[in-house]
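Below is one structure, written out as structure tokens, with a few remarks after it.
The values are calculated or read from the model by the stated rules, or taken from the named source; none is laboratory data. Keep in mind that what you see is a predicted model, and the values were worked out from it rather than measured. Don't worry about glycine lacking a Cβ; one is built from the backbone with ideal geometry, like all the others, and counts go over all protein chains shown. Only protein heavy atoms, including side chains, enter the accessible area calculation; ligands, DNA and RNA are left aside. Shrake-Rupley method; radii C 1.70, N 1.55, O 1.52, S 1.80 Å.
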Amino acid sequence: IFHVFCAEEKLVENLASMSTRERIKAIQKMPETMKKKREIRNNVLREITEKSERRGTQFDCCTKCLRRTEVSFRRFRNSLSEHFHQLWLWHKTLKIIGGEFGTSVLSYFIFLKWLLSFNIFSFLINFSFITVPQFIAAEPNNLSFTGLELLTGAGYFQKTVLYYGFYTNATISKTENGASYNMQLAYIFTVGMYFVICLLILLISMAKSFCRNFINPQIYSGNASKLLCTWDFNITNEKAVKLKQKNLSTQIKESLTDVNKEVLNYSVTETLVHILIHLGAWAASLGTAVAACASVYFLTINNLELFMEGHKNDLESQAAMLVLPIVASLLNVLIPFFYSWLGQLEKFQNPRNRTYVTIARNIILKISIIGILCYYWLDIVAASKSQCWETLVGQDIYRLILVDFIFCLLGSFFGEFLRRIIGTTVFVSLGMPEFDIARNVLDLIYAQTLTWIGILFSPLLPGIQMISFFIVFYVKKVSLMKNCQPPRQVWRAAQMTTFFMLLLFFPSLTGVLAVIAVTVWRLKPSEECGPFRGLSSMFAAVSEWIKILENYTGSKWVVWIYNNLITSELFFFILSIIFL
């Protein structure tokens, strides 16, 4: 018996010293019963556990403390990361919207949050590098504040850091021999670097979104993974569980809708009728856009004549200039409702196609109106006899943004609240309205385009737009929850965000860069105001700075970049090909 026990003990020790794979094979080849093999395997596992415990006792107390500290720190870091993720701006709100209304409506709010981050970044940069230094050299404002300036942007605000004309062209320094701050270079480089950063961020975001939603969509949104592997078993709160269930249910419905979509086969007559309806809708939308642009153009001419004939500091004449932004905002609010009606009349099979067509019509309208306004500012106002045409442009953009914000709030009331009242009490067959993604997204792009144009003429304009976007988010969220119903046709809109970014890049940002380039390189600044007074162009400040740097050996690389890149048409041509 003793010999048998010693043999078994030696066998267990030999098996314990083997690798897992070798041990399994060795036990399988033994000429023993299954019961005996299980007993040997259990003895081997027990031996391995005892050996590891004996080794563990050899570690000193410091090593154990370090291991415990490392594990505790890792748990604390994961917990902290989870809490910060929960505290991220509107994190819970976006999850609720996605669960209730699907990714199509959620894409609007994600886009709004993304634009808000752009304006926060712009405001911080402009305030830090342009506005704060100006406070040192600022002169006292002797104009009285009446309150009407909040609507007109004129009067008291003319002599504040809100507008281009208030900024000095002098080199700022606290002491005679201390460090100096060139306001001309700070102004043009801050604005220029901001647009370069915006361009890069937008291109990178578009590339990531395109890769995620077009090139490899199955990696990020597989139906099997959503059904089997998406649930988070750490969720224990009842509200969080219900919200997660709604979110997953909506996503699966959207994916199944894409898979099971039906293709209707029309007869030749029905196809011709649909083509005629589409052509008629496009003719009506383009004709409406042309009429709107014509009315805005004639209003701009009268707007300039009113300003030139009236007293420049007369607040009543300035208040009369609210006619242009009110009419422009009315056109931007009312005509999209007409476009939405046209989209319903065309009866698209896929709601995604209807949204894309409505967005295309809205972008033609809004960009055309902005194009007319830019022509008015750069060709007519810049050539006028105004003492400070840059401030006049900044006031116009201020009024347009403010009135557009007011009409956006009114649109939520009249377009969604009253529509719900009518649909639930008067005409019950209409029901509650759906959230109009196309109209609301184009309102955001229109407002952001105006803000980008206005940065050069009013550096603090992104701060105003930042506040307005913040308010719009909550107004739209409340209006969505109270007045709108989920889309009748569920559809996956993961690709919508990419499309929104594309519209923001072209024609919005590319058009703004063209306007800024013309203003900086071609137009002559005002003689009596602004940091570039007395120069042939804003860019002349950079040219004069480069001439000074030519005398310093350590700055030769800056001169080389200016001569071979900044002033090179070939460089910008290659750059345009790469980006476009």
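The residues of the range 414-432 that are free of Cβ contacts under 8 Å to residues at least 40 places away in the same chain and in a helix (DSSP H, G or I), listed by number, are Phe414, Leu418, Ile421, Ile422, Gly423, Thr424, Thr425, Val426.
Restricting the range 285-314 to residues that are open to solvent by less than 40 Å² (accessible area, probe 1.4 Å) and within 16 Å of Gly394 (Cα to Cα) leaves a set whose member that is modelled with the lowest pLDDT is Phe307. Can you work out which of the residues in the range 18-61 that are small (Gly, Ala, Ser) and surrounded by fewer than 13 Cβ atoms within 10 Å (Cβ to Cβ) is modelled with the highest pLDDT? In this case the residue turns out to be Ser19. Screening the candidates Ser144, Ser173, Ser117 for the property of being assigned by the TED database to the domain that holds Ala447 and not β-branched (Val, Ile, Thr) yields one hit, Ser117. Only one of the listed residues (Thr152, Thr160, Thr93) is of a type in the set (Val, Ile, Thr) and either over 30 Å from Ile326 (Cα atoms) or at pLDDT below 80 (or both). That residue is Thr93. Restricting attention to the range 318-334 and to residues that are over 25 Å from Thr498 (Cβ atoms) and open to solvent by less than 20 Å² (accessible area, probe 1.4 Å), the residue that is modelled with the lowest pLDDT turns out to be Gln318. Give the residue that is nearest to Met501 (Cα to Cα), with candidates limited to residues of the range 433-447 that are in contact with a Leu (Cβ under 7 Å, 6 or more places away or on another chain) and assigned to a helix (DSSP H, G or I). This residue is Ile445. Scanning the range 96-123 for residues that are among the β-branched types (Val, Ile, Thr) and at pLDDT 80 or above yields Ile96, Ile97, Val105, Ile110, Ile120. Here is the figure for the range 174-209: residues that are of a type in the set (S, T, N, Q), in contact with a helix residue (DSSP H, G or I) (Cβ under 9 Å, 6 or more places away or on another chain) and over 19 Å from Gln448 (Cα atoms) total 3.
So that you can scan it fast, the table gives a plain yes or no per residue for (1) among the acidic types (Asp, Glu); (2) under 26 Å from Asn119 (Cβ atoms); (3) not in a loop (DSSP other than H, G, I, E, B):
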position: Thr510; (1), (2), (3): no, yes, yes
position: Leu523; (1), (2), (3): no, yes, no
position: Glu528; (1), (2), (3): yes, no, no
position: Ser536; (1), (2), (3): no, no, no
position: Ile561; (1), (2), (3): no, no, yes
position: Ile574; (1), (2), (3): no, no, yes
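Just one residue in the set Thr358, Thr391 is at pLDDT 90 or above and buried (at least 23 other Cβ atoms within 10 Å of the Cβ); that residue is Thr391.
Residues that are out of contact with any Ser or Thr (no Cβ under 7 Å at 6 or more places or on another chain) and surrounded by fewer than 24 Cβ atoms within 10 Å (Cβ to Cβ) within the range 396-407 comprise Leu402, Ile406, listed in sequence order.
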